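Below you'll find the structure, written out as structure tokens, and then a few comments.
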Amino acid sequence: MRTAGALFLAAVALAALQTFLVCAVDLAFQGRASLLLRQPGFALTVWISVRGANCMWLLFYIALTTPRRYREKEVTLQLALREAELRALEAQINPHFLFNCLNSIRALVVENPPLAQDMLTRFANILRYNLHRDLNHTVPLAAELEVVSDYLALEGIRLEDRLRVELAIAPGAANVPIPPMLLQVLVENALKHVIAALPEGGDLMIRASAAADALVIEVLNTGRLRESEPESEPRSAHLGLKNTRERLRLLYGGRASLELKNGQDGRVAATVLIPRTV
């Protein structure tokens with residue numbers, strides 16, 4: 001409303017300037033025969049006509065551009081809302097992950113101080129990664145693998161030979177951007193809720209392959225999901241998986257997916273499909 005009022009005032013002022021130019025040109029070319037001299041109301045008539053024309057064009061401009069401006073504002077608000085939702089989801093994931101690491105370190109502080117110091121160093125690396133991650137909500141898969149390696153080292157000290165890890169990262173996949181902490185959540189879910197609960201431990205395999213249009217990440221671990229539970233939401237891991245799915249939706253729409261199910265080979269498979277472009 002304020003903008004429209006300013007535009008109408010500008011239209012009136014412009015009409016006055018245009019009227020002055022018309023009268024000046026008429027007087028310069030017509031001299032004593034000028035309508036300005038022969039018709040006292042000529043200038044007022046010109047101003048009223050020009051003002052009316054300007055206002056008509058202004059109304060046409062407002063009618064034409066107002067819907068577009070509202071759409072732009074709506075898109076801006078949607079982007080701001082999406083940004084806020086992403087930040088909120090990341091804030092929910094990070095404390096969950098950090099407290100689990102602290103619990104692992106606490107167990108060795110008295111029992112084995114040298115190992116506890118090594119775990120603290122790796123934990124510091126994880127914190128540094130978490131605090132300096134990309135503001136665009138994505139990081140290269142290689143950076144995520146580094147922090148996951150530190151996490152697996154922490155868990156490996158705790159689980160010892162009960163945890164066996166294998167990596168299979170295809171050439172070209174390491175540089176593909178993914179949401180930060182995405183792989184970490186899947187690995188943590190496999191360890192905390194399946195492998196750590198098995199007396200004999202289990203195997204954990206991380207695979208990644210990149211095609212022209214998408215990155216496929218698989219986290220495979222020994223064990224099976226309970227038959228009584230939905231395969232997509234196992235036990236207390238549902239919060240991290242739910243948040244991960246929501247972050248994928250906000251970043252990529254329906255082009256990204258996360259599937260968790262029992263495999264045919266006695267392993268649980270978490271598979272993430274991430275498009276190469278946002």
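The values are calculated or read from the model by the stated rules, or taken from the named source; none is laboratory data. All values derive from a computational prediction rather than experimental measurement. Here the Cβ positions follow ideal geometry from the backbone for every residue, glycine too, while neighbour counts run over all protein chains shown.
The figures follow:
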| quantity | calculated |
| --- | --- |
| Test result for Ile105, of a type outside the set (Asp, Glu) and at pLDDT below 75 | no |
| Test: residue in the stretch 197-208 that is closer than 14 Å to Thr271 by Cβ and either surrounded by fewer than 19 Cβ atoms within 10 Å (Cβ to Cβ) or out of contact with any helix residue (DSSP H, G or I) (no Cβ under 8 Å at 6 or more places or on another chain) (or both) | yes |
| Selection count where residues are touching a helix residue (DSSP H, G or I) at 6+ places or on another chain (Cβ under 7 Å) and not in a loop (DSSP other than H, G, I, E, B), scope the stretch 179-196 | 11 |
| Looking only at the stretch 178-230, and only at residues there that are modelled with pLDDT of 90 or more and of a type in the set (D, E, K, R), the one that is farthest from Val165 (Cα to Cα) | Glu218 |
| Count of the stretch 140-178 residues which are touching a helix residue (DSSP H, G or I) at 6+ places or on another chain (Cβ under 8 Å), of a type outside the set (Lys, Arg) and either without any contact (Cβ under 8 Å) to a residue 40 or more places away in the chain or not in a loop (DSSP other than H, G, I, E, B) (or both) | 23 |
| Residue that is nearest to Asn103 (Cα to Cα) [pool: residues in the stretch 160-175 that are surrounded by fewer than 19 Cβ atoms within 10 Å (Cβ to Cβ) and among the aliphatic types (A, V, I, L, M)] | Val165 |
| Residues that are loosely packed, with under 12 Cβ neighbours inside 10 Å and at pLDDT 85 or above, drawn from the stretch 122-134 | Ala124 |
